[in-house]
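What follows is a set of notes on a single structure, which appears directly below.
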Amino acid sequence: MARHVPAHRAQAAGKLTQILMPILKGSNIIVTGASRGLGLAIALELARNGAGLFLVADGTLDSLQRAAGECKQAGAAGEVRIMQADLGQRNTAEDMVGQAVDAMGSVYALVNNAGIRMRKLLGEYSGEDFDRLIAVNLRAPFFASQAVLPHMRAAGGGRIVNIASQMGLVAQEGIALYSLAKAALIQFTRSMAFEAGRHNIQVNAVSPGPAATEDNVRRMTATPELHAERMRYMVTGRLVECDEVAKAVLFLLSTDATSIQGHNLLVDGGYTIH
């Protein structure tokens, strides 16, 4: 979705990019769920700031290749590698980290973005629903993080950012299982930060509010009552832009965030303050 960017904001963003270029240049970063939506926006923001990328998604190979091409055009200073994988399958998250290290030699940061959601009322979930959602939204970031920690310790430090959700903090009908997984991911962020901090590894989370991804816009267009419910609590009066979430991730990966540890950064347009 195109939107007008005020001149002063564009200038500020340009200055920020110039400042951060030396920081991420030469840094290799894994981004999961990177073929579209928030994952692609994050990958592009990191590419614009000089990172080398290892993009992972369970989408089509064509979509991953397009994402890699966009990242190269955006200015990725290092290699842009891709891996088509279903992170909900056992051992895939660990294999992903191994392949990334083999391909790039080192990993400065891991962005656990891949996730799925289901809308069902309590009493309607099956055991298969539970296993699938928890596997993608919680088990995958847990084991990916666990696998990358030894490499970061050996390198003298690193960063992990988990993409959680405002729904990990509030209750709403129809998403109890999704909220459960995201709340657990936020707590896992704190626990991992507590253990990893002594090794110069920073672990934080970003919790987006209702974002203007293609899927969300399509869903809200088709369901006006869902759009009305979301907008009722948006203090900003609009959906969160994907690039706003991406810039929050960039900040947590920059040297400006060196004392931020175990934090859950809300980028939700004020959704959770009601």
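The values are calculated or read from the model by the stated rules, or taken from the named source; none is laboratory data. Not measured: the values here are computed from a predicted model. FYI the Cβ positions are ideal-geometry reconstructions off the backbone, even for glycines, and counts take in every protein chain you see.
Brief remarks on what is shown
- Qualifying residue in the range 204-215 (condition: within 21 Å of Lys120 (Cβ to Cβ), in contact with a strand residue (DSSP E or B) (Cβ under 9 Å, 6 or more places away or on another chain) and without any contact (Cβ under 8 Å) to a residue 24 or more places away in the chain): no
- Test: residue in the range 210-227 that is within 13 Å of the chain's Cα centre (by Cα), modelled with pLDDT of 95 or more and not charged (D, E, K, R): no
- The set of residues in the range 96-153 being in a loop (DSSP other than H, G, I, E, B), touching a residue at least 24 places away in the same chain (Cβ under 8 Å) and over 17 Å from Ala184 (Cα atoms) consists of Gly105, Ser106, Val107, Tyr108, Arg119, Lys120, Leu121, Leu122, Tyr125.
- Scope the range 88-117; condition at pLDDT below 95 and more than 17 Å from Ala57 (Cβ to Cβ); matching residues: none
- Screening the range 73-84 for residues that are in a loop (DSSP other than H, G, I, E, B) and crowded, with 19+ Cβ neighbours inside 10 Å and picking the one that is farthest from the chain's Cα centre (by Cα) gives Gly78.
- Residue check: Met192 meets all listed conditions (1) within 22 Å of Leu239 (Cα to Cα); (2) crowded, with 16+ Cβ neighbours inside 10 Å but one, namely (1).
- Scanning the range 43-72 for residues that are in a loop (DSSP other than H, G, I, E, B), of a type in the set (Gly, Ala, Ser) and on the phi < 0 side of the Ramachandran plot returns Ala51, Gly59.
- Scanning the range 229-256 for residues that are in a helix (DSSP H, G or I), modelled with pLDDT under 95 and in contact with a helix residue (DSSP H, G or I) (Cβ under 6 Å, 6 or more places away or on another chain) yields one hit, Thr255.
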